[in-house]
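S.K.: Input: one structure, supplied below.
The values are calculated or read from the model by the stated rules, or taken from the named source; none is laboratory data. Keep in mind that what you see is a predicted model, and the values were worked out from it rather than measured. FYI the Cβ positions are ideal-geometry reconstructions off the backbone, even for glycines, and counts take in every protein chain you see.
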Amino acid sequence: MNFSIILHLHRVFRILLIISIIASSFLSLPSHSVSAATFTLIVDTDEDYDFGDSGASTCTADPLDCSLRGAVARANANPDDLFIIDLTAQFPAGRTFYLNRVGYPSVAYGDDDNKWGDLDVWGNIEIKGGNDPSLYVIDARTGSAGTSLDRVLDIHFDASADIHGVTIQYGLPQSTVVSGVDPEPAEPSATWVP
């Protein structure tokens, strides 16, 4: 074998060795993963305000500024975090939350932006009711004698919803929807504990 070829192969081998050492040092660095934060939102109005269309949906510490729909929208805006939506703090004796926002032209279904009809979940939420689920109700009707507008919850792909101590009622069935809760086909993380 020619000496110049051996010398050339030796240089190539040294270069590859140096590159592999540098690459492996980057791969062995500790990862800097950011763990998701957990926030608690206290629903303090039973009005069905949507996030952004009124001052009563920003979910701050101010009184009467956090609707159930607004809390879901806040979670949707921050999908990497977990939002615990507390229905009990302001309403210890229970409450019925009517999802009565109607879109244009007078329909509620077909919206996936959480503006009207069902609650569209794109983030990670936990809705906390009380020990007696009959006291905390999410109702798809326009009022106690109204008609149902849509299902109650639409849990989209990569979202999660844990619902505890809450009754979900009068949601319109959509294909495989049970009790007005519709998890997207590829989304296994929807739990409901009445």
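S.K.: Filter the range 58-91 for residues that are surrounded by fewer than 23 Cβ atoms within 10 Å (Cβ to Cβ) and without any contact (Cβ under 8 Å) to a residue 24 or more places away in the chain and give the result.
M.R.: If the condition is that a residue be surrounded by fewer than 23 Cβ atoms within 10 Å (Cβ to Cβ) and without any contact (Cβ under 8 Å) to a residue 24 or more places away in the chain, then Thr58, Thr60, Ala61, Asp62, Pro63, Leu64, Asp65 are the ones that fit.
S.K.: Here's something else I'd like to know. So Phe157 passes all but one of these: (1) farther than 18 Å from Tyr49 by Cβ; (2) among the aromatic types (Phe, Trp, Tyr); (3) buried (at least 22 other Cβ atoms within 10 Å of the Cβ). Which condition number does it fail?
M.R.: Only one criterion in (1) farther than 18 Å from Tyr49 by Cβ; (2) among the aromatic types (Phe, Trp, Tyr); (3) buried (at least 22 other Cβ atoms within 10 Å of the Cβ) is unmet by Phe157, namely (3).
S.K.: Of all residues in the range 129-152, count the ones that are modelled with pLDDT of 90 or more, outside any loop (DSSP other than H, G, I, E, B) and under 24 Å from Trp116 (Cβ atoms).
M.R.: 4
S.K.: So in the range 64-87, with the set limited to residues that are part of a helix (DSSP H, G or I) and of a type in the set (Gly, Ala, Ser), which one is farthest from Thr38 (Cα to Cα)?
M.R.: Gly70
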